[in-house]
Amino acid sequence: MSQTESINSTIQQWTTICPLERILPNTGVCALVKDRQIAVFRVGEGTDVYAIDNYDPFSKAYVLSRGIVGDRNGIPKVASPIYKQNFSLITGECLDDLTIRLGTFPVQVVDGQVKVSS
Amino acid sequence: MTKRLVTIGNGMVGHRFLEQMAAKGADWELICFCEEPRVAYDRVNLSGYFAGKTAEDLSLVAPDFYKDNNIQVHIGDKAISIDRANKTVTSAKGVTISYDKLVLATGSYPFVPPIKGNDLPGTFVYRTICDLEATEAYTKDCKVGVVVGGGLLGLECANALQNLGLKTHVVEFMPRLMPVQIDDAGGATLRQKIEDLGIGIHTGKSTTEIVADEHGRVHKMQFADGTELLTDTIVFSAGIRPQDELARQCGLKIGDRGGISIDDNCQTSDPDVYAIGECALYNNQIFGLVAPGYRMAEVAADRLCGSEANNFTGADMSTKLKLLGIDVASFGDAFGKTAGSKVIAIDDAIAGTYKKLVVNQDGTRLLGGILVGDATVYGTLLQLMQNQMALPPHPEDLILPPRSGVSMAMGVEQLPDTAQICSCNNVTKGQICAAIQDQELRDIGSVKSCTNAGMGCGGCVPLVTDLLKAELKKAGIAVNNHICEHFAFSRQELYSLVRSQDIHSFQQLLDRHGTGRGCEICKPAVSSILASAWNDQILDPSHVSLQDTNDSFLANIQRDGTYSVIPRIPGGEITPEKLIVLGQVAKDFGLYTKITGAQRIDLLGARVDQLPLIWQRLVAAGFESGHAYGKALRTVKSCVGSTWCRFGVQDSVSLAIEVELRYRGLRAPHKFKSAVSGCTRECAEAQSKDFGIIATEKGWNLYVCGNGGMKPQHAQLLAADLDKETLIRYVDRFLMFYIRTANRLERTATWFNKLEGGMEYLQAVIINDSLGIAEELEAEMAHQVATYACEWDVTLKDPVKLQRFQHFVNTDAPDPNIVVVAERGQNRPVFEHERQLLQIDR
Ligand SMILES: Cc1cc2nc3c(=O)[nH]c(=O)nc-3n(C[C@H](O)[C@H](O)[C@H](O)COP(=O)(O)OP(=O)(O)OC[C@H]3O[C@@H](n4cnc5c(N)ncnc54)[C@H](O)[C@@H]3O)c2cc1C
Ligand code: HEM
Ligand code: SF4
Ligand code: SF4
Ligand code: FES
């Protein structure tokens, strides 16, 4: 036997949070999905969207959706508006302190609506 | 045929061992038994589970690591016997596997004291994720929890119970907390700090019985001194015992008090069997920390791959932890057991800190110590001890608060290359420096991922950062003046590109002159340049994503994510009617009010959704934005001047108001401030401002490039006895020249200090127009003044811009995390420790 844990095949639940145009290009919004605060970012002008925790572990405030979106060496990231640590939008990892990693969430744009799964 | 290596235990050390084997590309068939229902996770950070981390977050195993490296892991299957004669292992699920070599990494188990009732429903231990899941489920309807054991783990466990919302007590058999690591005085300081957090501490208590309620569940504890403690649940954290059951059963050599005996090669009494981690006993010592276990894993892996390079020679048990937010560190000979050693201790009851150094007889070498309440010097002390470096003539300076002017910190340059910087992962200074040089590492993130330093407890990160800085400096990697990785230009160069090429958006500039998507450094800087150049509204759609949160919500963010509101009060003059409006608005929205140092009024604690409602009221009453959030003009402070003051020679208030209204909203490389005094007595402190004006009998003196703050600097006289028109013209030129030529976030004082030619040069440019740009500068300023609009007024009129002033995009609810408490009759945000006391979830 090798390490084969059964893959959870339950159907993913998607929550519609807002129309895409509510998220201005290269900014974020915060959505409340099943009591969890999720920061959703739109990178560029198109439908490239990412979702990570809205919680900033450094300031302990729920503010990441209000950070500046950008990239470091090509990795899309957001900078906390409070003390400016950067978080990868792909992995949720803090790029300035690799011991810290935020949750990431599946997110997609369907018929112009942004949907998140938590 | 490939030989087979079986590992028993897939904990932190067992996994590290397999990683090492994979990394060395060993020619072994690797099989591992893993008793727990999941592969290795970060037990050191187990408590993070209660702080919201999931089992996945804690996992130490990279996805597919075992599959990719062909390692068979039998998850949820415990090895139950070893047959050394036939060289086989049998598991609980009935699998029997033969081995060529065997590695025991079975860790340890929690010791539960033999007390009557120690197995009642409601009693738990604190070792595995399963333990935590069970504790969490049970405590859902509990109010009180007791931790038995006041050691390291017990205190961490108490923190966890408190996070679960229980009124928490710690019961310790010994007369003080953390008896193993710290002495009586340190224990007392720690106790005081923990009691301040609302945790009950009961030391010197021997439990005789745990009594059940009518449902047979934990109800109370009885102590030998006749006292009792009511509780709903009990977690035992009274020490660990090496898990040596299998080794005993197959007849390996075991220590008197348990533990599988190993030698320098991590071999047991049977050369085909190795033992590593907490189950192993070396020199009659068990190592209850992960770093020594990792060292053993390396040594065993080396041996099995045929290398003799590396021996296990024991390990340092120094620790630094944050327990319940309190720093505690203990290192080396903490109790002064070395013959002739001397102790220097500072017990600061006011600061709540206790610091102790143990030094050798002649006071030249550090042997050990204890730090409670503040362990910032731990890294330095540990290095001094480990490298046996000479102590400074007054070793007490190492633990005293720094006296002004004397810097005690030891530079990283003084450390030898062999100095171990990261004890978790055994990384030396030499290795870190080599990696920085060879792999051209430039930021702390890549130093960590390339060297592994700082990837354990994180305690060494400040030292690693210092090393990086020192190395870069040494290599002469003079931080070039490029603003960031996205633009190979300085701010000044970008400014002239924007103006000369008529660039009006960040995207345009990025397309023509930059790469990537930008970041939190270049975006606000370019936005400020665009504002200085064209004065477009900062919340226009093409600019909004460039702004720091302060600019993008036109208010200053505070530590809890709320904002402060500072309306403009030009010159500090305000009517009673307006004062009443401010008071009424603050009252209606529950805001905290304070007078700032800049003669205006700060209303703090506004939620993002309240900002437009507040500003609607303020704008209606005739207020406008004070730009306290922007890199822009703050305020022009004034004294009452000749209108009232018996010494005044000019009307300082009128001039201050005029100047403030002229430059309000002007964006610059940094914020800038001004003041006007009505006579030479200088009550408005104008000489500490970016530009200050002082009245004379004949007109006005103009001072520039002063600064308060961290590095105060007096402003210097640019021109004297000016009439008002000339004064304003000079200020126009001065400010625009600064905006053109300063670096990002460079105040006028710093800018001036770098200006070649100093004041004479500046006077030549401003007064004599030596560069022939005076007219241009004035025209640029005229454009700014003519196009000013209050940002709040503009925003309130635009429903699309207002949409962003909402915490959640999908509900009108405010941020539930914002909680205030009353202090001196006003609201202020809670502090973290109060959240725990108030039992607020996050
Ligand atoms: C709450 C907590 C906080 C801690 N904090 C720190 C800290 O800050 N710093 C520090 O250095 N250390 C800390 N430690 C100690 C650290 O976790 C241990 O030193 C480390 O986990 C030891 O690794 P190990 O692999 O030897 O044992 P473990 O990680 O315990 O792994 C042993 C594994 O073997 C399995 N096993 C046992 N018997 C069998 C069998 N017969 N068959 C199959 N599998 C078996 C066990 O189920 C277990 O999964 C902490 C420990 C705890 C519990
Ligand atoms: C890098 C250094 C500085 C930082 C990060 C800083 C930060 C801040 C912040 C965040 C505020 C706004 C507080 C609020 O939200 O209400 C503020 C306001 C203020 N600061 Fe500083 N400050 C710095 C330097 C200075 C200096 C050098 C001085 C004095 C010479 C100063 C004097 C003030 C004053 C007077 C206010 C109130 C401003 C107003 O009424 O608009 N600060 N500062
Ligand atoms: S600076 Fe002169 S005019 Fe102004 S208050 Fe002081 S003494 Fe009066
Ligand atoms: S002095 Fe420090 S704490 Fe006070 S307002 Fe300025 S930055 Fe904040
Ligand atoms: S010492 Fe723990 S991570 Fe370096």
Any hit, region B:92-114, residues being touching a strand residue (DSSP E or B) at 6+ places or on another chain (Cβ under 6 Å) and over 30 Å from residue B:21 (Cβ atoms): yes
Region B:15-41, subset near ligand 1 (Cβ under 8 Å from one of its atoms) and within 14 Å of another protein chain (Cβ to nearest Cβ), residue surrounded by the most Cβ atoms within 10 Å (Cβ to Cβ): B:33
Enumerated helices (runs of 4 or more DSSP H) restricted to region B:419-493, each holding at least 2 residues that are away from chain A (no Cβ under 14 Å) and under 25 Å from the mean Cα position of the chain (by Cα): B:429-438, B:461-474
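Looking at region B:289-312, which of its residues are of a type outside the set (S, T, N, Q) and over 14 Å from residue B:21 (Cβ atoms)? Explain how you work it out, then say what you get.
Taking region B:289-312 as the starting set, the residues that turn out to be of a type outside the set (S, T, N, Q) are B:289-306, B:308-309, B:312.
Of everything in region B:289-312, those that are of a type outside the set (S, T, N, Q) and over 14 Å from residue B:21 (Cβ atoms) turn out to be B:289, B:290, B:291, B:292, B:293, B:295, B:308, B:309, B:312.
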Some residue of region B:609-620 being touching a strand residue (DSSP E or B) at 6+ places or on another chain (Cβ under 6 Å), more than 14 Å from chain A (Cβ to nearest Cβ) and small (Gly, Ala, Ser): no
Residue B:145 being without any contact (Cβ under 8 Å) to a residue 60 or more places away in the chain, surrounded by 14 or more Cβ atoms within 10 Å (Cβ to Cβ), in contact with a Ser or Thr (Cβ under 8 Å, 6 or more places away or on another chain) and farther than 30 Å from residue B:305 by Cβ: no
Subset of region A:20-66 [in a helix (DSSP H, G or I), facing another protein chain (nearest Cβ under 8 Å) and surrounded by 23 or more Cβ atoms within 10 Å (Cβ to Cβ)]: A:66
Which numbered condition residue B:661 fails, given (1) more than 25 Å from residue B:760 (Cβ to Cβ); (2) among the aliphatic types (A, V, I, L, M); (3) within 12 Å of ligand 2 (Cβ to nearest atom): (3)
Candidate set: region B:672-706, residues that are touching a residue at least 60 places away in the same chain (Cβ under 8 Å) and closer than 26 Å to residue B:744 by Cα; chosen: the one farthest from ligand 2 (Cβ to nearest atom): B:672
Which numbered condition residue B:390 fails, given (1) loosely packed, with under 14 Cβ neighbours inside 10 Å; (2) among the aliphatic types (A, V, I, L, M); (3) within 21 Å of the chain's Cα centre (by Cα): (3)
Which numbered condition residue A:96 misses (of (1) more than 7 Å from chain B (Cβ to nearest Cβ); (2) surrounded by fewer than 21 Cβ atoms within 10 Å (Cβ to Cβ); (3) of a type outside the set (A, V, I, L, M, F, W, C)): (1)
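For (1) in a strand (DSSP E or B); (2) surrounded by fewer than 16 Cβ atoms within 10 Å (Cβ to Cβ), each residue gets a yes or a no:
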| position | (1), (2) |
| --- | --- |
| B:226 | no, yes |
| B:246 | no, no |
| B:251 | no, yes |
| B:306 | no, yes |
| B:330 | yes, no |
Checking residue B:674 against (1) crowded, with 18+ Cβ neighbours inside 10 Å; (2) more than 27 Å from residue B:789 (Cα to Cα), the condition it does not meet: (2)
Matching residues, region B:244-296, being under 19 Å from residue B:11 (Cβ atoms) and among the β-branched types (Val, Ile, Thr): B:260, B:262, B:268, B:273, B:276, B:286, B:290
Odd one out for residue B:801 among (1) within 14 Å of chain A (Cβ to nearest Cβ); (2) at pLDDT 90 or above: (2)
Scope region A:78-116; condition assigned to a loop (DSSP other than H, G, I, E, B), in contact (Cβ under 8 Å) with a residue 60 or more places away in the chain and more than 12 Å from the chain's Cα centre (by Cα); matching residues: A:112
Qualifying residue in region B:495-502 (condition: touching a His at 6+ places or on another chain (Cβ under 8 Å), touching a residue at least 60 places away in the same chain (Cβ under 8 Å) and either more than 14 Å from chain A (Cβ to nearest Cβ) or in a loop (DSSP other than H, G, I, E, B) (or both)): no
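Among A:41, A:87, A:58, which is the only one that is within 17 Å of residue B:520 (Cβ to Cβ), aromatic (Phe, Trp, Tyr) and touching a Cys at 6+ places or on another chain (Cβ under 7 Å)?
Values: A:41 fails: touching a Cys at 6+ places or on another chain (Cβ under 7 Å); A:58 fails: touching a Cys at 6+ places or on another chain (Cβ under 7 Å).
Selected residue: A:87, the only one of A:41, A:87, A:58 that is within 17 Å of residue B:520 (Cβ to Cβ), aromatic (Phe, Trp, Tyr) and touching a Cys at 6+ places or on another chain (Cβ under 7 Å).
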Residue pairs meeting the criteria (Cβ under 6 Å; at least 6 apart or on separate chains; first free of Cβ contacts under 8 Å to residues at least 24 places away in the same chain, in region B:32-50; second assigned to a loop (DSSP other than H, G, I, E, B)): none
Test: residue B:351 is of a type outside the set (Asp, Glu), surrounded by fewer than 19 Cβ atoms within 10 Å (Cβ to Cβ) and in a loop (DSSP other than H, G, I, E, B): yes
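Return the residue satisfying two criteria in turn: it lies in region B:719-764 and is β-branched (Val, Ile, Thr) and within 34 Å of the chain's Cα centre (by Cα), and of such residues it is surrounded by the fewest Cβ atoms within 10 Å (Cβ to Cβ).
If we filter region B:719-764 for residues that are β-branched (Val, Ile, Thr), which is where we start, we get B:726, B:728, B:731, B:739, B:741, B:748, B:750.
This time we only want the ones that are within 34 Å of the chain's Cα centre (by Cα), so: B:739, B:748, B:750.
Values: B:739: 24, B:748: 26, B:750: 18.
Restricting to residues being β-branched (Val, Ile, Thr) and within 34 Å of the chain's Cα centre (by Cα), the top hit is B:750.
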Restricting region B:516-550 to residues that are over 33 Å from the mean Cα position of the chain (by Cα) and in a loop (DSSP other than H, G, I, E, B), the residue that is farthest from ligand 3 (Cβ to nearest atom): B:540
Some residue of region B:535-553 being buried (at least 21 other Cβ atoms within 10 Å of the Cβ), within 13 Å of chain A (Cβ to nearest Cβ) and more than 21 Å from residue B:789 (Cα to Cα): no
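Of these, B:264, B:272, B:302, which one is modelled with pLDDT of 90 or more, surrounded by fewer than 18 Cβ atoms within 10 Å (Cβ to Cβ) and within 17 Å of residue B:426 (Cβ to Cβ)? Walk me through it before giving the result.
Values: B:272 fails: within 17 Å of residue B:426 (Cβ to Cβ); B:302 fails: surrounded by fewer than 18 Cβ atoms within 10 Å (Cβ to Cβ).
Just one listed residue meets the conditions, B:264.
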Which listed residue is crowded, with 16+ Cβ neighbours inside 10 Å and at pLDDT 95 or above, from B:182, B:234: B:234
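Any chance region B:180-194 includes a residue that's among the aliphatic types (A, V, I, L, M) and either part of a strand (DSSP E or B) or more than 31 Å from the chain's Cα centre (by Cα) (or both)? Let's see the steps before the verdict.
First pass over region B:180-194, keeping only residues among the aliphatic types (A, V, I, L, M): B:180, B:182, B:185, B:188, B:190, B:194.
Filter once more, so that each one left must be either part of a strand (DSSP E or B) or more than 31 Å from the chain's Cα centre (by Cα) (or both): none.
No.
The values are calculated or read from the model by the stated rules, or taken from the named source; none is laboratory data. Remember, it's a predicted structure, so these values are computed and weren't measured experimentally. Please note: Cβ atoms are built from the backbone with ideal geometry, for glycine as well, and neighbour counts cover all protein chains shown.
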